Amino acid sequence: MGALRTPREKWIEEGLRALAEGGVEAVRVEALAKALGVTKGGFYGYFANRGALLEAMLDTWERECVDDVLARVEREGGDPREQVRLAGRLTFSGDRLLPIDLAVRDWARRDEAVAERLRRVDNSRMQLARDAISTFCSDPDEVEARSLLAFCAAIGNHFLAADHLGGTRAQVMTRAANLILDIPPGQPDR
C-alpha cells in the first residue's frame with residue numbers, strides 16, 4: 001500500500017488559505033502541493049482539474065458563511081437584533097471567513113460565475129438583516145435601507161482608511177449598528 005493520500009478537505013483548506021492570501025491567481029496545484037508537503041499527483045485523485053478545486057472551495061465558503069452561520073444563529077436564538085449582530089461578527093470579524101470573503105469579492109469582479117455565487121450569498125445575508133429589522137420596523141422601504149446600511153457598514157469597514165472623531169473605529173461601528181438596529185442611545189452598547 002502506498003503513502004496515505006492528503007485528504008480532499010486539506011486541498012480545499014489550503015486552496016482557501018492561498019485565495020485569502022493572494023487571490024485566485026495564487027491557487028495553483030503545484031504551490032498547494034508544496035505547501036501541503038506532498039506531490040501534486042494526489043490532487044487528481046480528488047479533483048479533475050483546478051476548476052473543480054475552485055468550485056469545491058466556493059462550495060465550502062458558501063456553506064460556512066451562509067449555512068453554518070444561519071445554523072449557529074438559529075441555535076443561539078434570542079433577540080433578532082442580537083442574531084443579526086452575531087451573524088455579522090461570525091462573517092465579517094473573524095480571522096477565517098473575512099479574508100476569504102474579501103478575496104471572493106475581488107475574484108467576483110472578474111468572473112461572472114463567482115459574481116453570481118456572491119450575489120446568492122449576499123442575498124441570504126441581506127435576508128437575515130431584513131428579517132431581524134422587520135421585527136421592530138414596519139416600513140418595507142426603511143427595512144431595506146437599514147439592511148443595506150448594515151451590510152455596507154460590515155463590508156466597507158474593512159476598506160475604509162479614515163480616522164474617526166469621537167471614538168475608535170469599533171466604538172463608531174457599535175454606534176452605527178445601534179442606529180441601524182434602533183437601539184436607543186441610553187442603553188449600554190452590546
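Applying a 10 Å radius around every beta-carbon, put 87-98, 13-24, 165-176 in order of their mean neighbour count, most first.
Numbers: 87-98: 17.0, 13-24: 18.7, 165-176: 12.5.
Ranked by mean Cβ neighbours within 10 Å, highest first: 13-24, 87-98, 165-176.
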Principal-axis tilt of helix 80-92 within the chain, Cα atoms, nearest 10 degrees:
40 degrees
Taking Cα atoms, the helix 50-62 axis meets the longest principal axis of the chain at an angle in degrees (rounded to 10) of 30 degrees
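In debye, nearest 20: dipole of region 8-180 around its Cα centre with unit charges on the Cβ of K, R (+) and D, E (-)?
Working: 25 positive and 29 negative charges, 88 e Å.
Here the size comes out at about 420 debye.
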Can you give me the angle between helix 112-133 and the longest principal axis of the chain, using Cα atoms only, in degrees from 0 to 90, rounded to the nearest 10?
30 degrees
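Each reported figure results from applying straightforward, stated rules to the coordinates on display, with no laboratory input. Just so it is clear, the structure is predicted and the values come from calculations on it, not from any experiment. Methodologically, a virtual Cβ is constructed for each residue, glycine included, from the backbone with ideal geometry; neighbour enumeration extends over all protein chains shown.
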